[in-house]
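Student: Here it is, the structure, as structure tokens.
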Amino acid sequence: MLNVNYKPTILIVDDNKENLKLLSCILDKVSANLISAISGSDALKKTSGAELALAIVDVRMPEMTGYEMAVKLNESRIENKVPIIFLTANYFDQKELLKGYSSGAVDYITKPFSKNILLSKVAVFLDLFNQKQIIRRNAELLKESLNDLAKANERLKEREQKQNRERLFNKALLDSIPGIYYLYTYPELKLIDWNKQHESILGYDAIKIQGSSTLDWHLYENEEMVRKSIDYITTYNKTSVEASFLTKDGRSIPYLLTAVKIESEGKQYIMGVGINVSERKQAEQALLHSESILTKAQQIAHVGSWEYDYESNKMKCSDETFRIFGYDPGGIEPSLDLFYNMVHPEDFPFLQRDIDKVKELHVPLNIDLCIILPNGEERFIHEQAEMTFNAGGEPMKWVGTVHDITERKKIEDELQTSLKQLHQLSKYIEQARENERLNIARELHDDLGQSLTAVKIDLEIIKKHASDTIVKGKLEDVKVLVGDTIRAVQRITSQLRPEIIDDLGLEAAIEWYTTEFSQRYGIEVSMDVESGISISNDDALPLFRIMQESLTNIARHAQATHIEIMLRQQGDFIQFEVSDNGVGITEDKINSKKSFGIMSMKERTTSLGGSFKITRRDKFGSKIEISFPIKKE
């Protein structure tokens, strides 16, 4: 930065000391620094690197004339040449004058000179020097201003780019949510912002959606309910309503809509999201249809938001959060300690464990909890929250939501009860079926089997007394047919109720059945059955039936040539596996509602209190794995 307040420098050169002293005295009154030199070389040495406003030089000097010194003085000052006034006592002609001007002279003064003339000329050159300095300073200031302006423009550009990135990120975030997002002006209720889901679900393009009213998308019968929700948000700044959207192609889609009233730059808006509840609606309708004891079922999602700041130890909660915890909005000062005290004692250790995990791993909190309201009522909530941390890894803030899932928990408990009842009913039906099989097997064995045996004996007696060869041949054919029928009755009887289980145990029954199976279908069966496993007949029979079903399925569908059966005890559990080298089962078959064999095996495993798994093996074939606990006597 140039300093305009510093004194300019004047060089005076004369080989006559008296003249030099005279010049110094005359210029002493001038506001400038003086450099005096007795010769040209002395002047060049003293002014090397110095900025000069003016040089007053005697023309006639020994060793180096004033002209020669002037040339050397300015030869390195290409853009900042020093103006020179030559002093001369002699008359000079035109040639001499041109020589002086070509060496840098701007003026001549002849000796003896007038003091006033000298001072006036010096003043002119000093003023020119000062003006030059001001111009240089202004140029530097202008350059600095331009640099500052460029930096400011760069910062503005970076800020705009950052805002654009944030805007694009927010847009991408809103487009990625599974539900719809909307922003309406308030109280005009004109749509000004939305996500892609809003367009794709309703089937309208952006031109149609822009500026539309919230009532344009709802069924006529829902308008009154929507208007009431708008009135509610006017009073409470938030609302939640379940209503159906009408799409462009005439479909009706039920949505759970939640919205809040916000203010930005002096204007008010309604911002909200919608969640498609079609699946929940279908589940409710299925539940109403399948369970006649239920006449009505409705779920209303209560969602609240909250924020906690560690530095200020302050918590902010939405109105719905207060209601979920049994308080009037704003009726109590919210805090983490209050929340912790309301968590059921049995759930608090799990909450503390998950909070420690959040702080350690910086992962979101996601947990179901039971809380106790001020009136003693127990409610169930789902907490979702994220914690932000400072550079040192210390927690700064919690931001989260709380969802009242009490009704969902009640429905889940009811479904579990119904499921247990269905399992008990299935077990009862299976037991009744086994008893019926036992009765049929006994009747086949005792009645039909004995009758066929008697017929076979009678045929033998008749054959002995017959004399006709043809009749004897026919009797022999009938005798063989009766024998085959007796063996078929024995085989059916064994399949209906393998008494070998009761007589010799499960291991022998499996060996007997697999031997017959291998002979019948030509499929090799290898067994790894641990001896001495203690399985009650009540458990052995379902396990035997599972084995029967699995082998039957393999024979029908697997195209296998080899089957492996494993049965062993591991601790207090029985492990049973059946694997084959066939074509392998597909996921569609595993999950198909028509795979009754798989469903039957799953149900029998459930009756054993165990787990059932069927998978496609890595290379070929399928594998069934069953594990169930040993019943204690």
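None of the figures in this text is laboratory data; all of them are computed from the coordinates on show. Values in this document were obtained by computation on a predicted structure and should not be read as measured data. Note that we place each Cβ from the backbone using ideal geometry, even for glycine, and neighbour counts take in every protein chain shown.
Student: Can you list residues whose amide H is under 5 Å from Lys397's amide H, if they're 5+ apart or on another chain and H is modeled 1.01 Å from N?
Tutor: HN-HN under 5 Å from Lys397: Tyr310, Thr388.
Student: Among Leu73, Leu34, which comes first, then next, by fewest other beta-carbon atoms within 10 Å?
Tutor: Listing Leu73, Leu34 from fewest to most nearby Cβ atoms yields Leu34, Leu73.
Student: Take Leu415, Leu191, Leu11 and order them by how many other Cβ atoms sit within 10 Å, fewest up front.
Tutor: Exposure proxy ranking, most exposed first: Leu415, Leu191, Leu11.
Student: Given a Förster distance of 30 angstrom, what is the FRET efficiency for Asp413 paired with Gln570, based on the Cβ-Cβ distance and rounded to 0.05?
Tutor: 0.35
Student: For the stretch 97-224, what is the convex hull volume of the alpha-carbon atoms per residue, in Å³?
Tutor: 217 Å³
Student: Hey, can you grab everything whose amide H is under 5 Å from the amide H of Val529? Only 5+ residues off in sequence or another chain; H modelled, so Pro and N-termini drop out.
Tutor: Placed amide hydrogens put Leu567 under 5 Å from Val529.
Student: Let me ask something else about it. Using the per-residue mean of other Cβ atoms lying within 10 Å as a proxy for protection, in what order, highest first, do the peptides 233-241, 43-51 fall?
Tutor: Top of the packing list down: 233-241, 43-51.
Student: Convert each backbone phi in the stretch 225-239 into a coupling constant with the Karplus relation 6.51 cos²θ - 1.76 cosθ + 1.60 (shift: θ = phi - 60°), then list the ³J(HN,Hα) values in order as whole Hz, x for Gly and Pro.
Tutor: Ordered by residue, 3J(HN,Hα) equals 5, 5, 4, 5, 5, 5, 4, 5, 5, 5, 8, 10, 6, 7, 7 Hz.
Student: Rounded, prolate or oblate: which fits the stretch 506-633 when a ≥ b ≥ c are the square roots of the eigenvalues of the alpha-carbon gyration tensor, with rounded for a/c under 1.5 and prolate only if a/b beats b/c?
Tutor: The shape class here is oblate.
Student: Which FRET efficiency value, to the nearest 0.05, is calculated for Asn164 and Asp193 with the Förster distance at 22 angstrom and r the Cβ-Cβ distance?
Tutor: Computed FRET efficiency for Asn164 and Asp193: 0.85.
Student: Oh, and also: Lysine pairs in the stretch 568-633 8 or more apart or on different chains: how many have alpha carbons under 24 angstrom apart?
Tutor: 16
Student: In the stretch 163-185, whose amide N lies under 15 Å from the spot 7 Å out along Cα-to-Cβ of Arg280? List them in ranges.
Tutor: The answer is 178-180.
Student: Shifting gears a bit: Shape of the stretch 349-408 from its Cα gyration tensor (a ≥ b ≥ c, root eigenvalues): rounded if a/c is under 1.5, otherwise prolate when a/b > b/c, or oblate?
Tutor: The shape class here is prolate.
Student: Okay, next question. Within 10 Å, count the other beta carbons around each residue, average over each peptide in 250-257, 560-567, and list them highest first.
Tutor: 560-567, 250-257
Student: Enumerate the calculated ³J(HN,Hα) couplings along the stretch 147-158 in order (Karplus 6.51 cos²θ - 1.76 cosθ + 1.60, θ = phi - 60°), each rounded to whole Hz, writing x wherever the residue is Gly or Pro.
Tutor: Result, rounded to whole Hz: 5, 4, 5, 5, 5, 4, 5, 5, 5, 5, 5, 4.
Student: Follow-up. Mind ranking 522-533, 61-72 by how tightly packed they are, going by the mean number of other C-beta atoms within 10 angstrom, highest first?
Tutor: Listed from highest to lowest mean packing, they are 61-72, 522-533.
Student: A further question on this structure: Would you mind calculating the gained length between Ser145 and Arg520 on full extension (0.36 nm times residue separation, minus the Cα-Cα distance), in nm to one decimal?
Tutor: Computed gain between Ser145 and Arg520 is 125.0 nm.
Student: Residue by residue, what Karplus-based ³J(HN,Hα) values in Hz, rounded to whole numbers, does the stretch 563-576 have, using 6.51, -1.76 and 1.60 with θ = phi - 60° and x for Gly and Pro?
Tutor: Couplings: 10, 10, 10, 10, 9, 8, 9, 10, x, 9, 10, 9, 10, 10 Hz.
Student: R0 = 30 Å: FRET efficiency of Trp512 with Asp588, Cβ-based, nearest 0.05?
Tutor: Step by step, r from the Cβ atoms, then E = 0.30.
Student: While we're looking at this one, here's another question. Under a 5 Å amide H to amide H cut-off, with H placed in plane at 1.01 Å, what residues pair with Tyr255 once short-range neighbours are removed?
Tutor: Those qualifying (amide H under 5 Å, at least 5 residues apart or on another chain) are Ala243, Ser244, Phe245, Val277.
Student: I need Phe612, Phe596 ordered by Cβ neighbour count within 10 Å, fewest first.
Tutor: In increasing order of surrounding Cβ atoms, one gets Phe596, Phe612.
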